[in-house]
Structures are given as structure tokens and as C-alpha cells.
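Trainee: Encoded as C-alpha cells, here's the structure I'll be asking about.
The values are calculated or read from the model by the stated rules, or taken from the named source; none is laboratory data. If you're wondering where the values come from, they're calculated on a predicted model, not measured in any experiment. No Cβ is skipped: glycine too gets one built from the backbone with ideal geometry, and neighbour counts run over all protein chains shown.
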Amino acid sequence: MDNLKRLEEKRLNLYQQYAKQNKIAMIVFILALVLGLPGFFTEQILLIILGIILFIVSLVFFGRAQKHSLTFKSIVKAEIVTELLKEQFDDVQYEPKNHVSIPRIVQTGMVKRPDRYTGEDLIMGSYKGVKFEVSDIDLKERVETRDSKGNVTVSYQTYFKGRWYVYTFERKFKEELKIIEGRGFGVNTKGLVKLDVESIEFNKKFAIYATTQEFGFYLITSSMIEKLMELEKLHRGSILYYYVGNELHIGVNDRRDYMELSIKTPINEASLKTFMSDIDLIPAIINELRLDSSKFKNTL
């Protein structure tokens, strides 16, 4: 990319400001502890007040440092991500603050309904005639804990954090297929039959459910089993697959934030190669599962 040098200069300028604000924040925070803690234990009000003031000041400087980091993140998404996506995909749109619809995800029955959620980095486009949507998703459930005195503490714990893909192809199937790695996250398999394939290794990793055995084995060929195992190696964590209608939903629960560059990381060909690997996973799924093949197209 021609503008790498210019972007690296921006990063260096922001990083210098970020490091400076962070350093000041740490010094002030340490002073707050040095003065505030003795004051607390000796009940010296003046030292306690001074410690609290210094603590608040440290938070202000930490906030300023974080602001520089967020500015860098915005620059990366505005000037790097969009350009890389346009080079690889057709009709591509990138919305950093949007995500795949949560009701749409929940409707698949592949995850339980979250009590809270966040998402970002929605990418929409097409590759080899297959449309796709993908974004980062973080799903949380409300958890209540009760101590020995009966006091209830409420927290929201993440049960799915990673990427959610939706691929849309031409052909609309009348049946469903679910492939689940591990225990799943509240997967609904009601009305589906469980299948086993010839691969013992695959059966150990994945549970397969389909509307009928015939439909399941129509999609899950020996070639597909091989490709699913290869895709599993490309992702950490666990994966969910759901074929329904003319869509394939894939949920990757690997506790990762995708397409992120740290303000501390120099912008060069090497760092962009690692960054690009997150984008390359989008067409890799289309290629590996052959979603552009005749099996997924309308035939006359």
C-alpha cells in the first residue's frame, strides 16, 4: 500500500502522545497510592483527600491515553480496512460500529438469547457470486450469585465472543443441517436427527444434526468432512455451522477481536500480513466449502 509510510507517521505521533499520557498517569497513580494508603491506615484525612485527588487525576491521564489509542483505531479502520476489502471483494461495505443482527443470529437456534450483547466491524459484500456478512459478536448472559449471607450479586458473563458469518447462495434448501463443535452454546436440535460419519476423528470433534439423514449425507460428503477439519485448524476455539434455506451461518467462539492493530505495533508489510489473515478467512470458507459450486446454485 502506497500510504503505509504516511500512516506509520500518524501512528508514531499518536503513540508518542499515548506513551506520554500513560507515563504521567502511572506516576500520578503511584503517588496516589504512596500518599493515600498510609493516610487511610493512620486516619490522616489530609493524606486521604490528597490520595483521592491524585487518583482522579491519574484516571484523567489514562483517559487521554486511551483517546489516542481510539483515534489510531479509527484511522486504521477508515484508511486501511476499507482499502484492503475493496481489493478483494465485490460490492463491499464496511460499517465499523455495526454488526450482524442479533435477532437473526438467535433465530438460527445455534446460540441462546443473550441478556446483553455488543458487536462491531460489520463487513458485507460478495465473493465468487456468494454474498456474505460477517462481524465480531460478544454475547453475555445474566448470572446471579448468592453469598453465605444471602446477598445477591448480578454479573453479565460472556458465553460467545468471536465472529459470526452469514453466507447467502442461490439455491434454497427445504431442510436444515447443524454441525456443532464441542458442547455448543444452547443449540436447539429439536426435531432433528443425529448423524455419525465414517471419520472417527470428525465424530469426536463435531456433533451433526439434520432434518433427515438423506439431507445430512447429501451435504456432508467425505470432501466436506476434510474441508471442515481444515477450517477447524484455521480457527481457535469452537465452531458452529448451520445450513438453512439459502444461508450458511458460521459462529466462531474463539474469544478474539478481529482486525485490530495495536497502537504499539508499527504499520508495515509484516504487520499488515497478520492483519490481512483475518480478512482472508472470509473467502477461505467459500473456497473450502465450495459455496460457489453447482450444488449451491439454482439448476434448471
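Trainee: (1) touching a Leu at 6+ places or on another chain (Cβ under 6 Å); (2) buried (at least 17 other Cβ atoms within 10 Å of the Cβ): which one isn't true of L85, the others all being true?
Mentor: (1)
Trainee: Can you give me the ranges of the helices (runs of 4 or more DSSP H) entirely in the range 193-261 with at least 2 residues that are over 23 Å from E170 (Cα atoms) and touching a residue at least 40 places away in the same chain (Cβ under 8 Å)? Spell out the reasoning first.
Mentor: Numbers: elements: 200-205, 213-219, 222-234.
Here the list reads 222-234.
Trainee: All but one of (1) over 23 Å from Y18 (Cβ atoms); (2) in contact with a Leu (Cβ under 6 Å, 6 or more places away or on another chain) hold for S293; state the number of the condition that does not hold.
Mentor: (2)
Trainee: Okay, moving on. Quick check: is even one residue across the range 80-100 in a helix (DSSP H, G or I), charged (D, E, K, R) and more than 20 Å from M259 (Cα to Cα)? Lay out the reasoning, then the answer.
Mentor: Of the range 80-100, the ones in a helix (DSSP H, G or I) are 80-88.
Subsequent filtering for residues that are charged (D, E, K, R) retains 83, 86-87.
With more than 20 Å from M259 (Cα to Cα) added as a condition, the list becomes none.
No: zero hits.
Trainee: Which one of these is of a type outside the set (S, T, Y), surrounded by 17 or more Cβ atoms within 10 Å (Cβ to Cβ) and farther than 18 Å from S293 by Cβ: V244, V193?
Mentor: Unique residue meeting the criteria: V244.
Trainee: Looking for something surrounded by fewer than 16 Cβ atoms within 10 Å (Cβ to Cβ), among the small types (G, A, S) and modelled with pLDDT under 90 - is there at least one such residue anywhere in the range 132-154? Give the derivation first.
Mentor: In the first step, residues of the range 132-154 are kept if they are surrounded by fewer than 16 Cβ atoms within 10 Å (Cβ to Cβ); the result is 142-154.
Going one step further and asking which of them are among the small types (G, A, S), we end up with 148, 150.
Restricting the remaining residues to those that are modelled with pLDDT under 90 gives 148, 150.
For the range 132-154, residues surrounded by fewer than 16 Cβ atoms within 10 Å (Cβ to Cβ), among the small types (G, A, S) and modelled with pLDDT under 90: present.
Trainee: Of the residues F29, F61, F55, F72, only one is outside the structural domain of D257 (by TED's automatic domain parsing), closer than 30 Å to F132 by Cβ, aromatic (F, W, Y) and surrounded by 13 or more Cβ atoms within 10 Å (Cβ to Cβ); which?
Mentor: Selected residue: F72, the only one of F29, F61, F55, F72 that is outside the structural domain of D257 (by TED's automatic domain parsing), closer than 30 Å to F132 by Cβ, aromatic (F, W, Y) and surrounded by 13 or more Cβ atoms within 10 Å (Cβ to Cβ).
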